[in-house]
Amino acid sequence: MGERAEMMAAYRLYWSERTGAFAPAAVMAELELPCEAVRIEKAAREEAAYRALNPMGQIPTLVLPDGRVMSESAAIVLYMAQQVPDSGLVPKASEAIHPLFLRWLFFCQCNLYETVLRFAYPARYTDGDDVAAVADVRSAAAARMDALWDIVAAAIGDGSDSGPPYFFAARFTVLDIYIAMLSAWHPDPPALLRRLPVLARLVGATVARPAIAPLWRTYHMHAGPA
Ligand SMILES: N[C@@H](CCC(=O)N[C@@H](CS)C(=O)NCC(=O)O)C(=O)O
């Protein structure tokens, strides 16, 4: 544990494998912020105690050291990174990339994450008893995901396959963590990464980072959405 983690009260992060808790966990690991990771099973997410924290019963949920509660993965990663403003993990408002950073972080949460949920829980988006309709929602979500990844890949770095790997070239931000997480929930991540080498380089560089590599394994991120 780094010096910063030893000096501070812990953030409590509810997590389980293959979920959106990966991004906040990775940001906290990069920043050496103290994190009490509480693993929560599917059944426990339905219980009143967890619903009181997160009425959607979803993961991630983050409880701040003073007891305030956050949900929404993009909000959490932004908040966490802002706790250490000089880390550079979130561009400052004065930086030219700041509006682009916000644009693409929210693009990824509003579009890609939402499409992953349609793929993972298709029955929620149609008559759940209609097997054909459920299959249609799922295959439409898969096609949509590919179209969205094309858009994201076209915006990564300088568009070349040989420059610095991150979304903002040599500048690593929480957007890289967020994108790596979402890529793992594609129906066929190896095929996605083969198709989009610029995305493969971003994901490869991000998950190889010393603070992030162990979490990628702990979260079983290669195995699709929970
Ligand atoms: N908008 C939320 C979505 C969170 C979410 O859907 N998490 C998934 C795991 S990756 C979950 O808890 N799914 C269970 C469910 O929706 O019932 C966020 O960005 O944090």
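The values are calculated or read from the model by the stated rules, or taken from the named source; none is laboratory data. No experiment lies behind these values; they were computed from the predicted model shown. Every residue, glycine as well, gets a Cβ built from its backbone with ideal geometry; the counts of neighbours run over all protein chains shown. Note: accessible area is taken over every heavy atom of the protein model, side chains too, but ligands, DNA and RNA are not part of it. Shrake-Rupley method; radii C 1.70, N 1.55, O 1.52, S 1.80 Å.
Results, tabulated for the structure shown:
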item: FRET efficiency, ALA48 to ALA75 (Cβ-Cβ, R0 25 Å, nearest 0.05); result: 0.60
item: Two-decimal log10 I(q)/I(0) for the range 151-203, as the Debye equation yields it once each C-alpha is a single scatterer, q = 0.26 Å⁻¹; result: -1.01
item: Using θ = phi - 60° and Karplus 6.51 cos²θ - 1.76 cosθ + 1.60, couplings along the range 78-92 (whole Hz; Gly, Pro as x); result: 4, 4, 4, 5, 6, 6, 10, x, 7, 5, x, 5, 10, x, 6
item: Residue-level accessible surface for MET70, protein heavy atoms, 1.4 Å, Å²; result: 40 Å²
item: Point-to-point label distance, THR126-HIS220, nm (Cα→Cβ direction, 7 Å offset); result: 2.7 nm
item: Cα→Cβ-extended label distance, 7 Å offset, between LYS92 and VAL38, nm; result: 3.6 nm
item: Positive dipole terminus of the chain, leading residue within MET8, CYS35, VAL207 (C-beta point charges); result: VAL207
item: Value in Å of the Kirkwood radius, where the chain supplies the Cα pairs that are averaged; result: 18.2 Å
item: Dipole in debye (nearest 20) - the range 158-226, about Cα centre, beta carbon charges: Lys, Arg +1; Asp, Glu -1; result: 120 debye
item: For the chain: accessible area per residue (Å², 1.4 Å); result: 46 Å²
item: Sum of -39500 (n - 2.57) over DSSP H runs of 4+, divided by residues of the chain (222 nm, nearest 500); result: -14000 deg cm²/dmol
item: Dipole magnitude (debye, nearest 20) for the chain, charges at Cβ of Lys, Arg, Asp, Glu; result: 140 debye
item: The range 50-94, accessible surface, carbon-and-sulfur percent (1.4 angstrom probe); result: 53 percent
